[in-house]
Amino acid sequence: MTVQPAPQPGVTAYGAPQPQPREVRHSRMRWGMIVPGIILTVVGWVANWITAIPGAIEMDLDDVNPDAGRYFGWQWVPWIGPFVGAGYWAGTSYDGYFGVHLLWGIMQTSGLLLCILGTVLTEEEVTYEYALGDAPDAPRLAVTPFASESSGGLSARLTF
């Protein structure tokens, strides 16, 4: 049988306080919407003026519309140019150019919409910070979980 020593009056067992995590939330843009939006806009814009090259040549050779130069100039304007180009071909026997310009306009507009929504509809990122002291300039340890399609884990950041 072991004998426990009697507690001394006024003395208490005290351990060092454990750092408690503090949850910090940050908001960030949704890059999963912004990057496809940029790609849609750029691909639609480049394809629009590439498509306008044979369209302007055909317009000039077949006398479909005497404004071939103005038509081609509008194709350099993003978001508006494809719809103006579709207007030049509307009502002619060249329905293919009308449909293609309409498609490029829809691509560019949906890309712009994705960029705006990805910027406005932010997502929250949760970070857990551990205060290693009570002073405002005490070192802090921040632990952030992350996950992707192929990996996941934690990242740690120590600031002084």
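The values are calculated or read from the model by the stated rules, or taken from the named source; none is laboratory data. Note that the structure is a prediction, hence the values are computed from the model and not measured. All Cβ positions, glycine included, derive from the backbone under ideal geometry; neighbour counts span all protein chains shown. The area values use the complete protein model at the heavy-atom level, side chains included, leaving out ligands, DNA and RNA. Shrake-Rupley method; radii C 1.70, N 1.55, O 1.52, S 1.80 Å.
Can you name the residue in the stretch 19-55 that is part of a helix (DSSP H, G or I) and among the polar types (S, T, N, Q) and, of all such residues, is least open to solvent (accessible area, probe 1.4 Å)? Let's see the steps before the verdict.
Keep residues of the stretch 19-55 that are part of a helix (DSSP H, G or I), which gives 31-55.
Cutting the leftovers down to among the polar types (S, T, N, Q) gives us 41, 48, 51.
On the way: 41: 21, 48: 0, 51: 28 Å².
Residue satisfying both the conditions and the ranking: 48.
Applying the selection to the stretch 103-132, what residues are surrounded by fewer than 17 Cβ atoms within 10 Å (Cβ to Cβ), part of a helix (DSSP H, G or I) and not polar (S, T, N, Q)? Spell out how you get there, then give the answer.
Residues of the stretch 103-132 that are surrounded by fewer than 17 Cβ atoms within 10 Å (Cβ to Cβ), as a first pass: 103, 106, 110, 113, 116-117, 119-128, 130-132.
Then drop every residue that is not part of a helix (DSSP H, G or I), which leaves 103, 106, 110, 113, 116-117, 119-120.
103, 106, 113, 116, 117, 120, listed by residue number.
Residues of the stretch 57-76 being within 25 Å of residue 112 (Cβ to Cβ) and open to solvent by less than 50 Å² (accessible area, probe 1.4 Å), which ones? So that I can check it myself, show each step before the final result.
Step one: list which residues in the stretch 57-76 are within 25 Å of residue 112 (Cβ to Cβ), which gives 70-76.
Passing the criteria: 71, 73, 75.
Starting from the stretch 146-160, keep only residues that are open to solvent by less than 90 Å² (accessible area, probe 1.4 Å), then list their pairs with residues that are of a type in the set (Val, Ile, Thr) whose Cβ atoms are within a distance under 7 Å, requiring at least 6 positions of separation or different chains.
Going by the 7 Å Cβ cut-off, the qualifying pairs are 155/144; 156/143.
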